[in-house]
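Below is one structure, written out as structure tokens; the observations come after it.
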Amino acid sequence: MSESNSAPLTAQGLWHTYEGRTALRGVDFKVEAGSVLGLIGRNGAGKSTLIRALLGLLVPSSGGALVLGEPALQLTDRVKERLAYVPQQPEAFPWLTATQMLAFVGRFFPRWDDAFVRATLSRWDIPTGRPLAKLSPGERQRVELIRALACRPDVLVLDEPAAALDPVARRELLREVALRAGEDGCTVLFSTHIVSDLERVASQIALLHAGQLLLHCALDDTKERYARLWLPSRHAAAAPDAPVSRRVHSDGSLTLVVGRGARGDWPAAVQLDGARLDALGLEDLFVEIAA
Amino acid sequence: MNMRLVFGLPWRGSYRHKPWIMAFAALAMWSGALLVLHMTRPLWPAGWLGAGVVLAFWLAAMGVLLGSMVRLALEARRLCLPGLERATALSVCLNALALWVVSAVLLAVLSGHPAPLTELLAIGLAAGIAYALLPFWVVALALLLMPLLQGLATSLHWRGIAPQDPRFLEVCVAFVTPALLFSAWNWRRVLQHPHRPIGWFSRPIMLFATWTGRPRILHAAPADGLGRRPACRSRRGCSRRWRCTRPDRPICCVRCESHSAGHIRH
């Protein structure tokens, strides 16, 4: 597949099983060039596994992934030079100091931005004389982010990048991500379970729940396309066939998350007597689906 | 690929005092070897062998160091860094070759016994690399099969062969070839699944290493709900703090909550 007609990141029917537990269930999706895709899901939903499978860091049980048009399991250096990845646990090179690590890693990237490294180390107040093993998790996370951003990537993949950051650092990171996507056209995929982070920078969201991709759409569309439908128990049998999520209450009534059909209309059950349709904010949508 | 960078990887990719320690070790071992060579020459005709053994031990230590570069390659794989993984493998091969050739030539020129010393140094270097890279089960298997290996050595008339013996070459080849092939296989195996936990029984010895005194298992399971990462760095400290929490002691509860928040590993 040529790069010109493919998305920078593509997952094709990814299934993966760890020790008898299925972590990914046939995930298919694409991250469009220049978009910022927020991958949201609860802890254990399979976000990190999906990211690793997308980058070829684990061999999926079935299915495959493409990065910039190349099979993820056989990435060439040409593609790796355009890709930056920050794992969930920033544990790399613990024996080096931040300056040593960045100088060392920078030698392998043709577009390495030394000025950005110096300025950001100073701006983010990172101790440069101590080995990385002795920095706090937040400081190490920031060093990893500097490494990822300094190579001027075309594709930036961040696995819960804000998890160890304080609110100030988180804002700075999100600003940087938005800048890179807006000005450099960098494609960003980041996983998180912090909805407010998504709302700040993501242009697209993908919701992963129990290894399944339940929705994938533009962030602005979520309010328009999805809503919460409550049906009294007497209409339970008339519930739409394939809702995004379905919860049965003790009195037999149903709460469903439903989406508009191909023609933009809501399911017919919305018209039923006593049925109630509520608009959902992103956080409510997440909670309704993932709870 | 930049050859200076490739040759310098064991230095650049290691902690900052390592180059000095390595330089000091090289100086000490070479001085020791030359001293043995010089002092024993009038008294013991096979004194050169002592110098060879000293340098074989030094090369074994260098082999361990080169083998431990699998950690660097693993970091490169885990972070999708371009070129570093291949450069690391190349660096191990080239540095091992250079160390072996230079040491063998120098010692051979000084002692006048090129063949046995070259073989002895090759055994030392291969032993070091294999020590760093072979998984536990190979070591365990070798120990269990020791009587069988001794029997094999006897039947091949290898027992008691001194380095001066022409058949020492056979012993050298029989040890060095499988040790290096097995090490290369295990290097590749470790890197194939950088995030998959490897059981202690099949983990290479060098991956049990610690940095800055804190045990660090490089193949820790992923923490996305399927892993086994501890939520608290010091479980004893956590439980001790939490013991004081009760509904009638809200301040203690709040303190404990804020303390332990700093220990949660995300």
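The values are calculated or read from the model by the stated rules, or taken from the named source; none is laboratory data. Note that this is a predicted model, so its numbers are computed, not measured. Every residue, glycine as well, gets a Cβ built from its backbone with ideal geometry; the counts of neighbours run over all protein chains shown. SASA here: full protein model, heavy atoms, side chains in, ligands and nucleic acids out. Shrake-Rupley method; radii C 1.70, N 1.55, O 1.52, S 1.80 Å.
Annotations
- Residue in the stretch A:174-190 that is in a loop (DSSP other than H, G, I, E, B), outside the structural domain of residue A:281 (by TED's automatic domain parsing), of a type in the set (Ser, Thr, Tyr) and under 13 Å from the mean Cα position of the chain (by Cα) present: no
- Residue list for the stretch B:1-58, restricted to those being within 30 Å of residue B:84 (Cβ to Cβ), among the β-branched types (Val, Ile, Thr) and open to solvent by 40 Å² or more (accessible area, probe 1.4 Å): B:21
- The selection criterion, being out of contact with any helix residue (DSSP H, G or I) (no Cβ under 6 Å at 6 or more places or on another chain), in the same structural domain as residue A:49 (by TED's automatic domain parsing), assigned to a loop (DSSP other than H, G, I, E, B) and farther than 30 Å from residue B:3 by Cα, holds for residue A:163.
- Residue within the stretch A:123-133 that is surrounded by fewer than 20 Cβ atoms within 10 Å (Cβ to Cβ), closer than 30 Å to residue A:46 by Cα and at the interface with another protein chain (Cβ under 10 Å from one of its Cβ atoms) present: yes
- Scope the stretch A:245-274; condition buried (at least 19 other Cβ atoms within 10 Å of the Cβ) and in a loop (DSSP other than H, G, I, E, B); matching residues: A:267
- Of residues in the stretch A:4-24 being under 17 Å from residue A:209 (Cα atoms) and over 16 Å from the mean Cα position of the chain (by Cα), the one surrounded by the most Cβ atoms within 10 Å (Cβ to Cβ): A:16
- Residue count for the stretch B:99-117, restricted to those that are open to solvent by 40 Å² or more (accessible area, probe 1.4 Å) and either in contact with an Asp or Glu (Cβ under 7 Å, 6 or more places away or on another chain) or in a helix (DSSP H, G or I) (or both): 9.
- Checked against (1) in the same structural domain as residue A:38 (by TED's automatic domain parsing); (2) part of a loop (DSSP other than H, G, I, E, B), residue A:128 passes all but a single condition, namely (1).
- Verdict on residue B:66 being closer than 30 Å to residue A:109 by Cβ, in contact (Cβ under 8 Å) with a residue 12 or more places away in the chain and crowded, with 21+ Cβ neighbours inside 10 Å: yes
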